[in-house]
Amino acid sequence: MARIVVVAMLMFHVGAAGVFFVGASTTAVVAMIVYYILRGFGITAGFHRLLAHRSFRTSRPVQFVLALFGSLAIQGGPLWWVAHHRTHHRYTETDKDIHSPRTKGFWRSHIGWMFSPASFNENGAGARDLHQYGELKWLQRQYAWIALGQGAVIYLVGAAIGYLVPESGTSGLQFLVWVYFFGTVALWHATFMVNSVCHLWGGQPFDAKDDSTNNWVVGLLALGEGWHNNHHKFANSARHGLFWWQFDLTWLILKVMSWVRLVRDLKLPNPTVMADALEKNRTRASASAT
C-alpha cells in the first residue's frame, strides 16, 4: 500500500506541474480556488472539527455532504483520517505520533509519514464511535473510486465548458491539471503544514503541553487550521482563530451555516478559562525570561 501511495502522490505532483504546459484561464483558476475551498472545508469542518472533535452538531445529510467533500480532497477516507488525527492528539510529540517534527523531523512530519507502512496500520479503533453511520463506512469503502472518479468528472466539466463557452479559453485537460492535480497537491501541502510547520514555527499564546504553534500563513492556506496552538489547547472548539485578528474561514462559514440552521451548538472555549490560560502562560514566559 505504501508503494501505491508513493506512486500516486508522485503522479499528482507531476500532473500539477502540467500548469506550465496547458496554460491558464480565469475559468480554470477560479474553478480550482472554489473547489480548493469546498474540499478544504470538507477536511477542516467535516473530518476535523465535526467528526474528529464533535465541536458542533448537524444533521446526518449535512454530515454526509461534509464528509464527502473531505473524501474528495484525497487525504484518506473519513474513518481512517479521524482515527489518525485522534491518535495525534493522544500521543502528541511522542514516538506514537507518526508525524511529529520533534521525534521524526520536518520531512517525515510533513509528508514522509504517508510513505510509511505505519500510516496504514490504523485499524479504525480510534473512530469506532463513527461506525454507527453506515454512510461514513460507505465513504471509507468507496474512497479510492471517489478519489479517481472525480478526475473524470472534472475533465468532462472542463471539456463541456470549453465546447459550450469557447471564449472561456479552457478545456478538459486544462481543468484536469488545474482543478484536479494542482488543486489537490496545493491542499495536501496546506494540510500537511499543520503537522509540520505548526509544530515548529509560530506563536504559542497558550501552554498546550506540546510544540503546537499559531502560524498565520498556514491559517490562511488551511482555512483556519493554522491557529494550531489554540486548537491543541481547546481541541473541542469549533473556532480555531480565537481572536478577531486570527482569520478562520472555516469558522466564518460555520457561523453562516448556523444562521440558516444547517449546523448548531457550535462549541467555544469559556472566556474566563481562556483568559486565565493566557495569563498563566504570560506569567510562565516572564518567569522563564528572568
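The values are calculated or read from the model by the stated rules, or taken from the named source; none is laboratory data. Keep in mind it's a predicted model, so treat the numbers as computed, not measured. Ideal geometry is used to build each Cβ from the backbone, glycine not excepted, and the neighbour counts take in all protein chains shown. Just so you know, the surface numbers come from the protein's heavy atoms only, side chains and all, with ligands and any DNA or RNA stripped out. Shrake-Rupley method; radii C 1.70, N 1.55, O 1.52, S 1.80 Å.
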TODO: Just list whichever of Lys96/Lys255; Lys96/Lys267; Lys96/Lys233 have alpha carbons separated by over 25 Å in the model shown.
DONE: Lys96/Lys255; Lys96/Lys267
TODO: Please name whichever of His110, His88, His99 sits farthest to the positive end of the charge dipole of the chain, dipole taken about the Cα centre and charges placed at Cβ: Lys and Arg +1, Asp and Glu -1.
DONE: His88
Open item on the list: Quick check: at a probe of 1.4 Å, how many percent of the accessible area of the range 171-290 sits on carbon and sulfur atoms?
Closed with: 63 percent
Task: Average accessible area per residue (Å²) across the range 1-159 - probe 1.4 Å, nucleic acids and ligands excluded - done: 47 Å²
Task: Angle in degrees between helix 183-195 and the longest Cα principal axis of the chain, rounded to the nearest 10 - done: 10 degrees
Task: For the range 152-211 and the range 35-101, distance of Cα centres in Å - done: 16 Å
Task: Descending semi-axes in Å of the chain, equivalent ellipsoid built from Cα gyration tensor - done: 33, 21, 20
Open item on the list: Restricting to DSSP H runs of at least four residues, report the calculated mean residue ellipticity at 222 nm for the chain, -39500 (n - 2.57) per run over all residues, nearest 500 deg cm²/dmol.
Closed with: -16500 deg cm²/dmol
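First compute the accessible area of the range 1-151 with a 1.4 Å probe, then give the percent of it belonging to carbon and sulfur atoms.
67 percent
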Task: Added length on full extension, which subtracts the Cα-Cα distance from 0.36 nm per residue, Ala8 to Lys255 - done: 85.3 nm
- [ ] Determine the dipole magnitude for the range 241-290: charges of +1 sit on the beta-carbon of Lys and Arg, -1 on that of Asp and Glu, nothing else is charged, the reference point is the Cα centre, and the result goes in debye to the nearest 20.
- [x] 80 debye
TODO: For the chain, give the magnitude of the charge dipole about the Cα centre (Cβ charges: +1 Lys/Arg, -1 Asp/Glu; no others), in debye to the nearest 20.
DONE: 620 debye
TODO: Taking only protein heavy atoms into account and a 1.4 Å probe, give the accessible area per residue of the range 223-271 in Å².
DONE: 52 Å²
TODO: Pop a pseudo-label 7 angstrom from the Cα along the beta-carbon direction at both Phe106 and Phe120 and give the gap in nm to one decimal.
DONE: 2.9 nm
